[in-house]
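Report on the structure given below.
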Protein chains: 2
Amino acid sequence: MTASQEKPLIRSIDVIRKKRNGGELTRAEIEAVVNGYTSGEIPDYQASAWLMATLLKGMTRAETAVLTDTMLRSGEVLDLSDLSARKVDKHSTGGVGDKTSLVLAPVAAAGGLAVPMISGRGLGHTGGTLDKLEAIPGFNVNLSVAEFRKVLETCGCAMIGQTAEIAPADRKLYALRDVTGTVESPFLICASIMSKKLAEGIDALVLDVKTGSGAFMKSEKDAVYLAELMVETGERMGKKMAALITDMDQPLGRYVGNALEVVEVLEVLRGDGPEDLRELCLELAAWMFFLGQRVTTIEEGKQLSAKLIGSGAALETFRKMVALQGGDARAIDDAKRLPRARHTLDVPAPRSGYVTAIQCEWAGTACVILGGGRERKEDAVDPAVGFVLHKKVGDSVVAGGMLCTVHYNSEALGSRAQTMILESFAIADTPPVHKRPLVHRVITKSGEKN
Amino acid sequence: MTASQEKPLIRSIDVIRKKRNGGELTRAEIEAVVNGYTSGEIPDYQASAWLMATLLKGMTRAETAVLTDTMLRSGEVLDLSDLSARKVDKHSTGGVGDKTSLVLAPVAAAGGLAVPMISGRGLGHTGGTLDKLEAIPGFNVNLSVAEFRKVLETCGCAMIGQTAEIAPADRKLYALRDVTGTVESPFLICASIMSKKLAEGIDALVLDVKTGSGAFMKSEKDAVYLAELMVETGERMGKKMAALITDMDQPLGRYVGNALEVVEVLEVLRGDGPEDLRELCLELAAWMFFLGQRVTTIEEGKQLSAKLIGSGAALETFRKMVALQGGDARAIDDAKRLPRARHTLDVPAPRSGYVTAIQCEWAGTACVILGGGRERKEDAVDPAVGFVLHKKVGDSVVAGGMLCTVHYNSEALGSRAQTMILESFAIADTPPVHKRPLVHRVITKSGEKN
């Protein structure tokens, strides 16, 4: 009975066994594992066994919320309560040609919201916001918290990378998941994303959960499951949430590659740009305004967004942010100041017909092969390379006509990317029967919409 | 195409993912993980993720055989082909009061078989053969392979602990399983047991798979599953195999504790001893003789075993082995030469009636509390302590009559064990309706028997 007055000791081995047997962990048990691992008291091999058991046995909604909260509170949470504007952010699960963040932050800020956006880098076939921003000469994504706050206060938005203070438990766990086959769990993905996003001190979050051949979640069912999990987790923590399940079965827009995507962002901010990209930006911005209580309907939000683009206010906000974060603002009006590849190479259509599919993961991998993305976290990125699509799904093509132009710096890599992009195109005699919608559905607190 | 002539590289992360997704691993994949981990190329955290995925997703029979073979071949395999006698061993999954090995080795050896027995120590509530042997003053279980072979050649049996050369992959993997909640997998248990046993260079193996409240596999279903797995794995590797599913719902025999169990072994070798222990020894010895082709029926094997005990030949073989392994052979005729606890304490029956159950894991834990077993591998064991049961399931008792006598060296521990043993007894007005059989069933190549 000597131990009766001591704090009950939670042994990590018992927590692993409980999860392995399909049990629901208590807050104290989750905290013991996550905090113990972050502080170094629990060894890697126990954490990885727990991660694998969690991936295979799953978590309840309550466990997922506690895991998110524990990871969030492992580090600093920004206090932006002194800003009068509502703080709203958007997060995408990642895709090919997905440059919406660079449009949304200035649009939302120009419309009176504050957007404290902390983003990631590209990995595998998907691109990353930080790499795109760094294609603008001088742009600094490594601001201190004080500098970040100053940019945010001055122009309404600021875009940086994860700092050492934000969710250190996630950084350590993510590195372990990466090497132990435990990345692909909706529960662990949810906690990883949400712990970082909620550390931004936001009031509301719009999620863009991609589905299709270029998405992390290939099937719509998996995308919806993750979206519902993240919406519920955010709501349990007092945030306004919405998730749009959007299409990533072909690249978004026409430009893929870091500097090339900045060019397309500027087109959209000037009221131009390809229809799919423009439409998705308006839709996502509308949800940001809706959750940020600037509008009362999504339609009103889209109109406001279009107005802020049409007036040039959004472009002006972008210009200010670029300058405040050390970037060369002249590049905004003069694309020649952005990095450009030394060579281009066309991809001709092998036959006449209609484009019925563009295998999106292959297309994204072609950009990685060119040097525009990374296979490993430590790889450097060439901002200049990538490709411009001239044809997308549903378009008619003639034999020998241009499908795509590859921008490359190395002859051998250009040729490999050319082959890969050619192979990603499917061309048939008739156009595709079903056109995939841009927004598959919307998930909010009150259930499904759209 | 530059890699076309290189050996294909198997990445551990891909093997983990494949097993996580429920895939069947190839020989090359299993070898890559097991040999890579044993050599230190694959880190603990990847091995533990693979172990957890294996525990939760299972293995096919083919994978289990390959894993066993890979672990076996990670170390030395004894070559006893120059011995003319058939080499037969017995392995038990462990229980409380299970001292059959000490009887079987000399009986089988006296009957013309060679028994090269490599055993383990007690852990948790179960006892271990090495601890029992070491209760005999001077008995050395740490022989070199050359010394082991010499004892075996001289008296037909030898009993030692696992050497550093035997299945090093198992030793490393077992230590990791112990701290990562990955012990309880029939596939991993099978590979661990069989890799060590097959390293003995045997022709045949009898398995004693325990079931009941004191067994590792509490349910008969789990015990049968493990037994079938081990029988099939051994047969795939060219060994004659049989598994007996035997009862461990109460302690086997009447004596529990290392030196006390040696006393009971000597009783059985003198043709005396409790009926359940004697009967199980005859049954297991008969199967050893049957698989070792010394007899053509189990009944004949039992008669041969009884004869070898009745003639004193088995006791003589035991005496020889004890002397050859440095033990004090005089202890065989004079139990006072064995360690004895300083105090004894009776456990009286709290009421009259019939014993309907003895919770066997609690009874085993009472012995650990006394110091007679270990909670951790590094704990030392007191050979003298334990208890003697005066009543077993089905026996009638009167209030205040003796259920058990506790042998202890520490007052406080004696009292705790007394309470625990008392709580392990269930006493009711009427005897138990169903008597559990000693041998539940037998599993051999040709399917179930008995």
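The values are calculated or read from the model by the stated rules, or taken from the named source; none is laboratory data. The structure displayed is predicted, hence computed values, not measured ones. Positions of Cβ are backbone-derived with ideal geometry, glycine not excepted, and every protein chain shown enters the neighbour counts. SASA here: full protein model, heavy atoms, side chains in, ligands and nucleic acids out. Shrake-Rupley method; radii C 1.70, N 1.55, O 1.52, S 1.80 Å.
Before moving on, here are some points about what is shown:
- Single unsatisfied condition, A:Lys445 versus (1) assigned by TED's automatic domain parsing to the domain that holds A:Leu207; (2) within 19 Å of A:Glu361 (Cα to Cα): (2)
- Hits in region A:162-181 (condition: away from every other protein chain (no Cβ under 14 Å) and either open to solvent by less than 10 Å² (accessible area, probe 1.4 Å) or basic (Lys, Arg) (or both)): A:Ile166, A:Ala167, A:Ala169, A:Asp170, A:Arg171
- The set of residues in region B:158-187 that are outside any helix (DSSP H, G or I) and charged (D, E, K, R) comprises B:Glu165, B:Glu184.
- Helices (runs of 4 or more DSSP H) completely within region B:1-90 that count 2 or more residues being open to solvent by less than 30 Å² (accessible area, probe 1.4 Å) and within 11 Å of another protein chain (Cβ to nearest Cβ): B:12-20, B:44-57
- Test: A:Met194 is out of contact with any strand residue (DSSP E or B) (no Cβ under 6 Å at 6 or more places or on another chain), aliphatic (A, V, I, L, M) and crowded, with 23+ Cβ neighbours inside 10 Å: yes
- Inside region A:33-70, residues that are closer than 20 Å to B:Asp178 by Cβ and basic (Lys, Arg) make up a count of 0.
- Lone qualifier among B:Thr129, B:Thr154 - being in contact (Cβ under 8 Å) with a residue 12 or more places away in the chain, closer than 18 Å to B:Val265 by Cα and of a type in the set (S, T, N, Q): B:Thr129
- The single condition among (1) open to solvent by less than 20 Å² (accessible area, probe 1.4 Å); (2) among the acidic types (Asp, Glu); (3) within 14 Å of chain A (Cβ to nearest Cβ) that B:Glu184 does not satisfy is (1).
- Verdict on B:Asp208 being assigned to a loop (DSSP other than H, G, I, E, B) and touching a Ser or Thr at 6+ places or on another chain (Cβ under 7 Å): no
- Where strands (runs of 3 or more DSSP E) fall entirely within region A:334-450, those with at least 3 residues that are open to solvent by 50 Å² or more (accessible area, probe 1.4 Å) are at A:343-348.
- If the condition is being modelled with pLDDT of 95 or more and in contact with a Lys or Arg (Cβ under 6 Å, 6 or more places away or on another chain), then region B:428-450 contributes only B:Val442.
- Being out of contact with any Leu (no Cβ under 8 Å at 6 or more places or on another chain), among the hydrophobic types (A, V, I, L, M, F, W, C), farther than 21 Å from B:Phe216 by Cβ and assigned by TED's automatic domain parsing to the domain that holds B:Arg121 is a property that holds for B:Leu260.
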